[in-house]
Amino acid sequence: RIVGISSFSLSLINRMDFYSMKIKRQENFNALYKLIREMENYVIPIVNKFMTDSDCPFSFPIIVNNNRDELQLWLANNGIYCPVLWPLPENIYLNHKVSAYLSDRILSIPCDQRYSIFDMEYIAKMIWAFFGRN
């Protein structure tokens with residue numbers, strides 16, 4: 001049986017400041033982009049531009065040329081959870097090379113409104129440290 005949202009949940013949603021959340025996400029995305037954009041030998045931001053006023057990212061997706069799973073584990077061990085968003089079914093994986101390439105390399109870096117610029121600096125520092133740059 002499908003039911004609607006509870007009145008309590010609806011009241012929580014109605015109190016949220018979505019505009020401020022969007023601005024914070026844009027700021028975090030742009031800060032992270034500035035901090036890791038020079039890592040093209042290791043990490044390539046999927047979106048190679050800054051957020052516009054109309055954009056509202058939920059994460060900062062990157063392509064990791066190699067060692068994506070090791071980077072993910074390193075970040076998790078340093079308190080940064082980065083999900084892999086694009087696992088593929090085997091038939092797609094085997095028959096679509098571009099999709100398989102992205103599936104093996106994409107990692108989603110958190111940059112939503114729960115985080116600060118200091119968090120973005122920490123995330124970038126940990127990514128740089130993983131690749132041996134301090």
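The values are calculated or read from the model by the stated rules, or taken from the named source; none is laboratory data. Predicted model, so just to flag it, every value in this text is computed and none were measured. Neighbour counts run over all protein chains shown; Cβ positions are idealised from the backbone, glycine included. Each accessible area value is taken on the protein alone, full model and side chains, heavy atoms only, with ligands, DNA and RNA left out. Shrake-Rupley method; radii C 1.70, N 1.55, O 1.52, S 1.80 Å.
Could you give log10 I(q)/I(0) at q = 0.14, 0.15, 0.21, 0.24 Å⁻¹ for the range 1-103, computed by the Debye formula over C-alpha point scatterers of equal weight, without solvent?
-0.79, -0.86, -1.14, -1.27
Could you compute how much accessible surface E90 exposes when probed at 1.4 Å, giving the result in Å² to the nearest 10?
Answer for E90: close to 130 Å² accessible.
Please list, by residue number, every one of the trypsin sites (Lys or Arg not before Pro) in the range 5-94 that is coil in DSSP and has at most 13 other beta-carbon atoms within 10 Å.
R15, R37, K49
Which chymotrypsin sites (Phe, Trp or Tyr not before Pro) in the range 1-91 sit in a loop by DSSP (not H, G, I, E or B) and have at most 13 other Cβ atoms within 10 Å of their own Cβ?
F50, F58, Y81
Under 12 Å from a label point 7 Å along Cα→Cβ of A76: give me every residue in the range 83-126 with its amide N that close.
83-84
Go ahead and run the numbers for FRET between V3 and D55, Cβ-Cβ distance against an R0 of 30 Å, rounding to 0.05.
Given R0 = 30 Å and the Cβ-Cβ separation, E is 0.35.
Which one of M16, M120, M39 has the biggest mean-square fluctuation once the chain is modelled by GNM with Cα springs under 10 Å?
In this elastic network of the chain, the residue with the biggest mean-square fluctuation among M16, M120, M39 is M16.
The range 88-126: which trypsin sites (Lys or Arg not before Pro) are DSSP loop and have at most 11 other beta-carbon atoms within 10 angstrom?
Here the trypsin sites (Lys or Arg not before Pro) that fit, given the DSSP loop and packing criteria, are R114.
Cα convex hull of the range 51-134: how many Å³ per residue?
In the range 51-134, the Cα convex hull volume per residue is 122 Å³.
Suppose all protein chains stay in the model; what accessible area per residue would a 1.4 Å probe give for the chain, in Å²?
Per residue, the chain has 65 Å² of solvent-accessible surface.
Nearest 20 debye, what's the magnitude of the dipole of the chain about its Cα centre given +1 on Lys and Arg Cβ and -1 on Asp and Glu Cβ?
The dipole of the chain has a size of about 200 debye.
By Kyte-Doolittle mean hydropathy of at least -0.5 and Cα axial length of at least 15 Å, which whole DSSP H helices of the chain are selected?
The qualifying helices are 18-36, 117-130.
Quick one: with all protein chains in place, what share of the accessible area of the chain is carbon or sulfur, to the nearest percent (1.4 Å probe)?
56 percent
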